[in-house]
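Novice: I am attaching a structure below and will ask some questions about it afterwards.
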Amino acid sequence: MNYREAPSVPPVTLDDVRGAQKMLSGVARVTAMEGSRHLTQLVGAPVHFKCENLQRTGSFKLRGAYVRIAGLLPEERAAGVVAASAGNHAQGVALASSLLGVRSTVFMPKGAPLPKISATKEYGAEVRLHGHVVDETLAAAQEYAEATGAVFIHPFDHPDIIAGQGTVGLEILEQCPEVRTIVVGIGGGGLAAGIAIAVKTLRPDVRIVGVQAAGAAAYPPSLAAGRPVAIENPATMADGIKVGRPGDVPFGIIGELVDEVRTVTEDELSTGLLLCLERAKLVVEPAGASPVAALLSDPGSFEGPVVALLSGGNVDPLLMQRVLTHGLAAQGRYLAVRLRLTDRPGALATLLGVLSVVDANVLDVGHVRTDPRLGLTEAEVELHLETKGPAHCVEVGQALRDAGYTVIG
């Protein structure tokens, strides 16, 4: 599609998205649309999941990457492509390049999860580890492009990428024609911009709500300023939407067509991921769970039917373990406490007896008896407990205090 921008012409049109859809036929899956009974009850209207976590490579990124690389001129293809990514974009570029017979090099941070590195290699890319943060990795990839002539494939800031991602919007309208609200996570903005172009052109009555992690929310201040604004040190577990500055191309589209951008907390992201796993039996990464987090945080504010886009499922198992613990704690189903007790025979057994009475299941016990902070006859115990909700957590804490224990955390 090699778009060449002209004055007053939108950077991406519905025709571009439809062209991308034809190009992706037989390449990208038309992913499933699944209903959520739990969220439907909370929202008071039908809620559906658009399952891009089940897309090839585990996220929507294949769509845009394939369209971008397929649109290269023969001499550009011959030079190969290069990308920088911590995960999803890397895998999308790697597979798209392999399918099109184009050589690909992907720069990834040194701390990238091993499963994502392995998957990117298996899809056919040469992987180079550079830097400890994505900005350093991005700079290395751009330097490589300048030195070798390889075409840099940006993860979101290009019309072809946006057109490819916009095919998700066309599928949503085909699968759920009665949709009233679409909720989508936003990082750099390519996915939300593409969906907005496709949906608003055909159905301007559909409300589009973008969601960002509160610790990496560059769009609210940028929209307020009327231009892309960089935020310092974005911090969130949702690395798929951890972007410090909106893309120039998607920013203009989102500012015009996306109705609202909300933020969600880390606790809400964890709870959303946990709901997808427990209730829908779907493995979703934190970024992919951001629309679910938004629905859980304020269910009465969405007009249904609602489609929540699960944008990806590439979550590192170690991160999944931490996120699930975080989500359980946010729901009051996991409690960690530290307390001090008298260091004497049978003291720990007595403590466990108190917990047994209030039906708290002990998962782990840490026992410290030698520490400069402790008195001569004191010991410190750290307990990890399985609990039954916020009210039960309060009951456990009160039972410990009533038994004379000093709870210190």
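Novice: Residue by residue through segment 25-33, what is 3J(HN,Hα) from phi via Karplus (6.51 cos²θ - 1.76 cosθ + 1.60, θ = phi - 60°)? Round to whole Hz and write x for glycine and proline.
Specialist: Once θ is set to phi - 60°, the couplings for segment 25-33 become 4, x, 10, 9, 6, 7, 6, 5, 10 Hz.
Novice: In addition: G35's amide H: which non-local residues (gap 5+, or another chain) put their own amide H closer than 5 Å, with H modeled 1.01 Å from N in plane and none for Pro or chain starts?
Specialist: F49
Novice: Taking a threshold of 32 Å on the Cα-Cα distance, which of the pairs K281/K388; K121/K200; K110/K200; K50/K116; K61/K200 fall above it?
Specialist: K121/K200; K110/K200
Novice: If you take every DSSP beta bridge fully contained in segment 1-145, what fraction is antiparallel? Give it as a percent rounded to 5. Display every interim value, and only then the final one.
Specialist: Values: 3 of 11 bridges.
Counting DSSP beta bridges with both partners in segment 1-145, the antiparallel share is about 25 percent.
Novice: Given Cβ point charges of +1 (Lys, Arg) and -1 (Asp, Glu) and nothing else, what value in debye, to the nearest 20, does the dipole of segment 15-169 about its Cα centre take?
Specialist: That gives a dipole near 620 debye.
Novice: For G131, enumerate residues with amide H under 5 Å from its amide H, sequence gap 5+ or separate chain, H modeled in the peptide plane.
Specialist: Under 5 Å from the amide H of G131: K110.
Novice: Here's something else I'd like to know. Counting DSSP beta bridges with both partners in the chain, what percentage is antiparallel, nearest 5? Display every interim value, and only then the final one.
Specialist: Values: 22 of 50 bridges.
Approximately 45 percent, going by the DSSP bridge assignments.
Novice: Another question, if that's okay. Grab the other residues whose beta carbon is less than 14 angstrom from that of G272, score K and R as +1, D and E as -1, and report the net.
Specialist: Around G272, the surrounding residues sum to -4.
Novice: Any idea what the relative contact order of the chain is, in percent, if you count C-alpha pairs under 8 Å spaced at least 6 apart?
Specialist: Normalised by residue count, the contact order of the chain is 16 percent.
Novice: Something else now. Just how far, in whole angstrom, is segment 176-213 from segment 106-171 if you go by their alpha carbon centroids?
Specialist: 24
Novice: So I have (1) 1.03; (2) 0.96; (3) 1.06, and one of them is Rg/Rh (Cα atoms, Kirkwood Rh) calculated from this model. Which one is it?
Specialist: Evaluating Rg/Rh (Cα atoms, Kirkwood Rh) on these atoms matches (3).
Novice: Of A78, L42, T406, which is farthest along the charge dipole of the chain in the positive direction, counting Lys and Arg as +1 and Asp and Glu as -1 at C-beta?
Specialist: The Cα lying farthest towards the positive end belongs to A78.
Novice: For the chain, what is the mean residue ellipticity at 222 nm derived from helices alone (per DSSP H run of n ≥ 4: -39500 (n - 2.57); sum divided by total residues; nearest 500 deg cm²/dmol)?
Specialist: Mean residue ellipticity, 222 nm, calculated: -13000 deg cm²/dmol.
Novice: Spin-label point model (7 Å from Cα, Cβ direction): what's the L73 to D248 distance in nm?
Specialist: Between L73 and D248, the simple spin-label model gives 2.0 nm.
Novice: Taking amide H positions as placed 1.01 Å from N in the peptide plane, with prolines and chain starts having none, which residues 5 or more places from R207, or on another chain, fall under 5 Å of its amide H?
Specialist: Correct list: T181, I182.
Novice: Among the complete DSSP H segments of the chain, which ones combine at least 20 Å of alpha-carbon extent along their axis with a mean Kyte-Doolittle hydropathy of 0.0 or more?
Specialist: What comes out of the filter, once short or polar helices are dropped, is 159-175.
Novice: Among residues other than H89 whose Cβ falls under 12 Å from its Cβ, what is the net charge (Lys/Arg +1, Asp/Glu -1)?
Specialist: +2
Here, each number is a calculation from the coordinates, and none is a lab measurement. Everything quoted here is computed from the prediction, not taken from an experiment. Here the Cβ is made from the backbone with ideal geometry for all residues, glycine too, and neighbour counts use every protein chain on show.
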